[in-house]
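Values quoted throughout were computed directly from the atomic coordinates according to the rules given, and no laboratory measurement underlies them. Only a predicted model underlies this, so the values are computations on that prediction, with no experimental measurement involved. Don't worry about glycine lacking a Cβ; one is built from the backbone with ideal geometry, like all the others, and counts go over all protein chains shown.
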Amino acid sequence: MAGSQWELPPELCCRPMAFVALTGLDVVYNAVHRAIWDAFCANRRADRVPISFKVLPGDHEYPKCRTKRTSYEWYIPKGILKTGWMNKHLNLVPALVVLFYELDWDDPQWKEKQSECATKVEIVRTSLQGRNTKVAVVLIQKKTPLPPGEDLVASERAAALCNACDLSGKSLFVLPHTDHLVGYIIRLENAFYEHAQTYYYTEIRRVKSHKEFLNKTTHQLLFVRHQFKIAFFSELKQDTQNALKYYRTAYSLVHELRAHETNMLEIKTMAGFINYKICRLCFQHNTPLDAIAQFRKHIDLCKKKIGSAELAFEHAAWMSKQFQSFGELFDEAIKLGLTAIQTQNPGFYYQQAACYSQDRKQQAQQLCQAGASYPSPEPLETQSGALDFYGQRPWRQGHQSIDPPDAEKEKTGILALQIKERDVPHSELIIALLSNAVAQFKKYKCPRMKSHLMVQMGEEYYHAKDYTKALKLLDYVMCDYRTERWWGLLTAILTTALRCAYLMASVKDYIIYCMELLGRASTLKEDHKSRIEKNLMKVLMNEVPDAEPECDSSSVSAARSLWSDRMALAGSNELTLEVQDYIPFIQCKAKFQSPSFHVDQPIQLQVFLRADCPHPVSFNKLAVSLSNQVTTHFHDAEYNQWCVVEETMSLLPGKTKCYNFSFVAKTEDVGKKIEMAGIEVMLGGDSGRCVFVNWRGAGGDAASTHEALQASRSSRRWGRGMEARQALDWDSLTIQHSTMIISRVPKISVQLSHQPPALNNEMYCISLTVQSQEEGVAKDVKLTAGLKPGQDANLGQTTHVTLDGSKVCDDTAPALLPDVPLGDLKPGEKLEKCVYVKCVSTGPRVFLFHVAYSIDTTVEGRQIVCKCHKDETVTIETVVPFEVSVKFVSTKFEPLDRVALDIPFLLMTDILSSSPWPLLLASSSLQLLTMTSNTPQLQSQLQEVVLQTGESASECFCLRCPPLTNSNSTVATGQYLISWRRQSSSADSPFIQTTVTLPHVILESVPLYIHADLPSFGRVRESLSVRYHIENRTALVQEVEMAVEPSDAFMFSGLKQVRLRILPGSEQQMLYNYYPLMAGYQTLPQLNISLPRCPTTNTHTLRRFLPQRIFVKPQGRQLDDVSIAAA
Amino acid sequence: MRLTARSRNTNMAVCIAVIAKENYPLYIRSVPTQNELKFHYTVHTSLDVVEEKISAVGKSLGDQRELYLGLLYPTEDYKLKPNILNWRTRYGYVTNSKVKFVIVVDSSNTSLRDNEIRSMFRKLHNSFTDVMCNPFHNPGDPIQSKAFDGIVSGMMVQTG
């Protein structure tokens, strides 16, 4: 890659680790050696010591050590840091060389082997001559060693071996090749690590020792070099704290160097290296703020050190690299757990890097004129193929004085660099950096920064002539700027996009961008707009547009031929543009005049158009497509045909033009919504290119919502004064995108007459009068009558509607009678209908009377059949017509709480009218259960009785309960049926049967029933015979004691006191003759009865059956024959 | 209360912008000698931090928000002309009605004290309030006011 000149060397960017060379291992053919080597290098996790191992042959030539300088007095350094130095200490000069040798303590050929080993050590030592590199020997043994001190042979031979190899005891190791290889290896490498530490410590000491020989005038470069070396050795020693300290010193020293044009690059290169090291260590020490501070300082110190003006692009490239590598360090630290924030994240550094790359490109374009041929011989070639020192010029390596040694060489060198720079793919570099930055800003919640960088990427693609990618990016961010309403920025982006579209001859894109650049959101000057409009017109005429300004001439000519090809191409001359989400130069708003229309009214629709471009614009077609609710996606062609204008129309700049459409709705669309699905304006024509500009819905674009809001704000402020002007004000034009089709207003009257309230269960008559006020015949009149839907569900069950009033309807009659045909209705004609309602429960109900009909009518010359309807509702209360009360009394009209078996009693009914209207009672009857009537069935006593409000009618029935086995229980009595109707209803109207369930009675049985036969009245001094019947109703023989008490009002004859026995089921009669002495109501002589065998039955309970009193008439003048006979 | 320009440093702004609650510009003025578009981008990208700061404050402190948001981005380089680098710093301020003020300051030569920036914003806010009080101004429309222009001009770097 062409940018590689600025890449940081890998040996700088890696983490320095102690270098240990392993010799004597045959990792290819010897399995044991292979296993040992694998144990060293495989699986090196963070907990293992940082060593980089290498297997080298035993006779490997290590880099030669140059002879030590004894004095620096005449020495002039040629540069700061040799390019090979870091690599040398990382990979070539080991801190320790380890010799592996297979030798057991009890080896039979010990002597020979010992000397062979010593030879090998000697070979290594020789090739390391002059270096401080340590040598160690590892004996690979097959046997497990004994604990130290126990194997005397071993210690003796070890000492001998050390002696032979000139090794210290600490440098001899034993590696038993047994089970625990990895464990031994780890112990070994820890020992190696210590040796390496010592080595690097001595190296640091050695470099430090040079310092005293240096002087500040001639050896400035060496100060930097030595500090750097110390720092680097400290890193190798893993002493990062000290490394950082020395790097910092080196950094300040590098800036103390005398800088001039010839060595500027060297200084900056070294400063960059050292800065990189410092920042890296700061991040590693988890002090990111120190890293950032150092980097800022670095940039501030270096950004003005441009160096040679002819190679200014180099400075930009270098700066870019600084930012980029810092960004990468930052990013790496984040991956290792550092937290970045919105305002401090790697994105900023990538962005700055991109920025400098842009600079570099700009300067390269200025400085590297095309045409110059590459100089020969190659000035950038060096003898070794590489530079000796970092940051120096190949044509004057090692030269450190202010002026270049050879002006001619200098010139060709610079020219060569300039020509090389020309081939650098700058845009590629910039885009890569920008895209890095975009990723970062996306991560750190900076959407606008992201958009901005994407714009820059788009622009860069444009410069790189990759217009497709440019447009893709620009299109993507354009809508962000549009929604945020940053018109200045949008215009700038659109301008670039338009250039791209022009250069790639993309007709559709070109038209879209033109339309928006001509629109009101564009901040372009009038003359630009004028030019763009002319170009747009050319494209519409199928001509080649003029070139956009600021496009380079070669691209323009390429574009021209592309355009001509496009134009020559037949077909595909129609384009449809959806402009809803743009801000096109033609604005469109449409509205229905009203949110609803009656079906017999023409629907009115207005379309407003307005052009924002500088010149009048003409168009050839305006069409509104409509859809009704059911077919939302299907454009209703029938309506659409009414909303089309096809003629040449023109719009004047800034003037609003209004187009009115009107059409008649289809009658089947009543109750539906008609919506505008879209509005289409056709620009251009058949001769050239047709561009259909489409607005979804009823117009409006990306900016109009906000404009309408602003307009509403201002009109609120101005109050009424503005209203007069509002019709002209474009912004306050409101969109009405749908309208409702509602049915025609009916011209009939519907009247109801009835007599509320309704009585429960009656056939309540509601009479309906429909009168037509139509001018034509109302056809198909239909009535829907009944309970209005949507009320309490129970009401539906308890309400029945019928048209037949002649009989009481049953429960199958519906609550709502739908669509009762009433025939046709001529103009002025009147129609009456009675509807009967039976309400089974009380309470209010809402009834609906819906009269629908159809009528022929003419709208705008069109015959249509309109369906009209009129609704009437009425609320009717239902009340109970009467209340029935029932009571049981004895034959003496005394209230009964229980009924004795087989003894007659009376049932009294009472009907109390609560109806506001008079009621006619037709009949009443009893339906008895258990009981039997004690009298033959007679005609009802209530027949033809009329009850007014509050009046009551009573009846009396004599009943008897037949003897039953299960006595003394409660039994149902039966039902009371009343048949009635309103008195006011017609004679043929049916009677209503109301059933009242009679209460239950408690039965009791009496052991003894006693009753008396006596005349209805007596007469003074006439004999009155009374016969008492005493019945035994038990299954036992009853002994009865009877006594008659004397009375003042009567004399009597008969047994005064008697004791008798009555057989079960038989009856005993006692006859008394009473002789009344006084007239009037007289108490009869009291009969005392007692049952000694049945003490629960006392006199009192038996006495209730007997008459207490009798009316005695005074003595008459004539004797009554009957009384004489009785006497 | 109207503050009068008193300190030497209050005319260091290179760009002053007023941004509506909905984040569209109501007013942007930058030093005429430089690329206006770049300043638009600068102000626009500053809104990222402004929005973030507003939402962060909204969560924790409720109504006790300080209008002055302080430094938006760390001081950054910008090019006055090719090869001449300057520093610039962006500061932000948000009114209670969420209208934002952004001031970009050229900090190459002098570092501004925080209270100097604050006083610039306060002056701007007062003048903005006056604009809003104008019955003929429709809030949400771009600011077109000579008085406001005057205040802004007083804070801008004097060129030429």
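What list do you get for A:H260, A:H89 if you sort them by fewest beta carbons within 10 Å?
With the fewest neighbours first, A:H260, A:H89 line up as A:H260, A:H89.
What fraction of the DSSP beta bridges in the protein assembly as shown is antiparallel, stated in percent and rounded to the nearest 5? Around 80 percent antiparallel, to the nearest 5. The GluC sites (Glu not before Pro) of segment A:754-818 that DSSP puts in a loop, and whose beta carbon has at most 11 other beta carbons within 10 Å, are A:E775.
For A:R1027, neighbours were defined as the other residues whose beta-carbon sits under 15 Å from its Cβ, and their charges (Lys and Arg +1, Asp and Glu -1) total -3. Is the shape of segment A:197-240 best called rounded, prolate or oblate, per the rule: a/c under 1.5 gives rounded, else a/b larger than b/c gives prolate, else oblate, with a ≥ b ≥ c the square roots of the Cα gyration tensor eigenvalues? Judged from the Cα gyration tensor, segment A:197-240 comes out oblate (a/c at least 1.5, b/c at or above a/b). If you take the charge dipole of the protein assembly as shown about its Cα centre, with +1 on Lys and Arg Cβ and -1 on Asp and Glu Cβ, which of B:S46, A:S115, A:L214 is farthest toward its positive end? My answer, from the dipole projection, is A:L214.
Here the residues A:Y1081, A:Y251, B:Y73, A:Y29, ranked from fewest to most Cβ neighbours within 10 Å of their Cβ, fall in the order A:Y29, A:Y1081, B:Y73, A:Y251. Take each residue in B:42-49, count the other chain C-beta atoms within 10 Å of its C-beta, and the mean is 6. Ranking A:A1035, A:M457, A:A793 by how far each Cα lies toward the positive end of the dipole of chain A (charges on Cβ) leaves A:M457 at the top.
Each principal axis of the Cα cloud of segment A:446-572 was taken in turn, and the coordinate range along them, longest first, works out to 46, 30, 27 Å. Per the Debye calculation on segment A:848-909 with a single equal scatterer at every Cα and no solvent contribution, log₁₀ I(q)/I(0) for q = 0.13, 0.17 Å⁻¹ amounts to -0.64, -0.77. Counting Cβ atoms of other protein chains within 10 Å of each residue's Cβ and taking the mean over peptide B:68-74 gives 2.
What do you get for Rg/Rh of segment A:259-426 when both radii come from the Cα atoms and Rh is the Kirkwood radius?
1.03
Every Cα-Cα pair in segment A:752-879 was counted, and those over 25 Å apart are 30% of them. In the calculated pair distance distribution of segment A:1008-1126, what percentage of Cα-Cα distances lie above 16 Å? Summing the P(r) tail past 16 Å for segment A:1008-1126 gives 61 percent. Using a/c under 1.5 as the rounded threshold, could you call segment A:7-143 rounded, prolate or oblate? The axes a ≥ b ≥ c are square roots of the C-alpha gyration tensor eigenvalues, and prolate needs a/b larger than b/c, oblate otherwise. Note, shape of segment A:7-143 comes out oblate.
Just so you know, the Cα atoms of the protein assembly as shown work out to an Rg and Dmax of 59.6, 192 Å.
Within 10 Å of each residue's Cβ, count the other Cβ atoms and sort A:T739, A:T935 from fewest upward.
Fewest-to-most Cβ neighbours within 10 Å comes out as A:T935, A:T739.
Sparse packing (at most 13 other Cβ atoms within 10 Å of the Cβ) combined with a DSSP loop state is found for none of the GluC sites (Glu not before Pro) in segment A:286-371.
Mean partner shielding of peptide A:480-486, defined as the number of other chain Cβ atoms within 10 Å of each residue Cβ, is 4. Scaling the Cα radius of gyration of segment A:453-513 by the globular reference 2.2 N^0.38 Å produces a ratio of 1.00.
Taking the Cα centre of the protein assembly as shown as reference, the dipole from Cβ charges on Lys and Arg (+1) and Asp and Glu (-1) amounts to some 4560 debye. Segment A:413-439 and segment A:777-795 have their alpha-carbon centroids 84 Å apart. Please sort by residue number the trypsin sites (Lys or Arg not before Pro) in segment A:206-241 whose DSSP state is loop and whose Cβ has at most 16 other Cβ atoms within 10 Å. The qualifying sites are A:K216. Positive end of the dipole of the protein assembly as shown (Cβ unit charges, origin at the Cα centre): among A:Q397, B:N115, A:Q369, the Cα lying farthest that way belongs to A:Q397.
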